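A short worksheet on the structure shown next.
The values are calculated or read from the model by the stated rules, or taken from the named source; none is laboratory data. Every value quoted in this text rests on a predicted model; they were computed, and no experiment measured them. Virtual Cβ from ideal backbone geometry, glycine too; neighbours counted across all protein chains shown. Please note that ligands, DNA and RNA were not included when accessible areas were found on the heavy atoms of the full protein model with its side chains. Shrake-Rupley method; radii C 1.70, N 1.55, O 1.52, S 1.80 Å.
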Amino acid sequence: MGVSSTLSEDKSEIEITSYTRFNVSLPDAPYYVAYAFMEDKIKGSQANYYSYELASQTGYTEADLPDDLKPLYQKKSTYGTIFNDVAREIYDVYGIEGSLSGSIQKGELKQHTYTIPVPSSIRNLGNTTVIAMLLDAYTGEILQAEKDRD
């Protein structure tokens, strides 16, 4: 699977094209493609249930925590942080019906192009990326995903 995207000149829309190649032949394509518009470097607050401030309520001591959580013990119960990979919009969470239709031939490249408005929730377009996801049409399970590398 691959994905590429192009921002319109006026920066109001993004055209996304996904490419999927299968290693099997199937009479029908029981798959959909979905797209997620992601943003990095979002400042926000994080609740911290491992903080020394909550130790009397949670019963945690620093010694109780696994090594990867120990640094949280010294932080306040709420602290500022930077979030990455924040999904701003998902088109469509259940997959876009008809995005992969017809039969699948082994080795054949399937392509889907979709144009979406840039989400109003985006704070900085320079910190965004697009993810294409191959979904099982029956279960909704994500079988494969790829990030636009541009």
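Could you run through the range 84-133 and say how many residues are within 17 Å of A34 (Cβ to Cβ) and either over 17 Å from the mean Cα position of the chain (by Cα) or not hydrophobic (A, V, I, L, M, F, W, C) (or both)?
22
Please enumerate the residues belonging to the range 1-53 that are touching a residue at least 40 places away in the same chain (Cβ under 8 Å), within 30 Å of P71 (Cβ to Cβ) and of a type in the set (D, E).
Those that are touching a residue at least 40 places away in the same chain (Cβ under 8 Å), within 30 Å of P71 (Cβ to Cβ) and of a type in the set (D, E): E39, D40.
Going by the conditions given, is V24 at negative phi and open to solvent by less than 20 Å² (accessible area, probe 1.4 Å)?
Criteria not met by V24.
Within the range 114-132, which residues are free of Cβ contacts under 8 Å to residues at least 24 places away in the same chain and under 23 Å from G2 (Cβ atoms)?
Scanning the range 114-132 gives a single hit, G126.
Got a sec? Which strands (runs of 3 or more DSSP E) wholly within the range 1-87 have at least 3 residues that are of a type in the set (V, I, T)?
Answer list for the range 1-87: 13-21, 78-83.
Can you say whether S12 is small (G, A, S) and over 30 Å from P119 (Cβ atoms), as far as the supplied structure shows?
Judged against the criteria, S12 is not a match.
From the list G95, G126, G107, pick out the single residue that is exposed (fewer than 12 other Cβ atoms within 10 Å of the Cβ) and in contact with a strand residue (DSSP E or B) (Cβ under 8 Å, 6 or more places away or on another chain).
On inspection, the qualifying residue turns out to be G107.
Would you check which residues across the range 80-92 are open to solvent by 70 Å² or more (accessible area, probe 1.4 Å) and either in contact with a Leu (Cβ under 6 Å, 6 or more places away or on another chain) or β-branched (V, I, T) (or both) and list them?
The answer is I82, I90.
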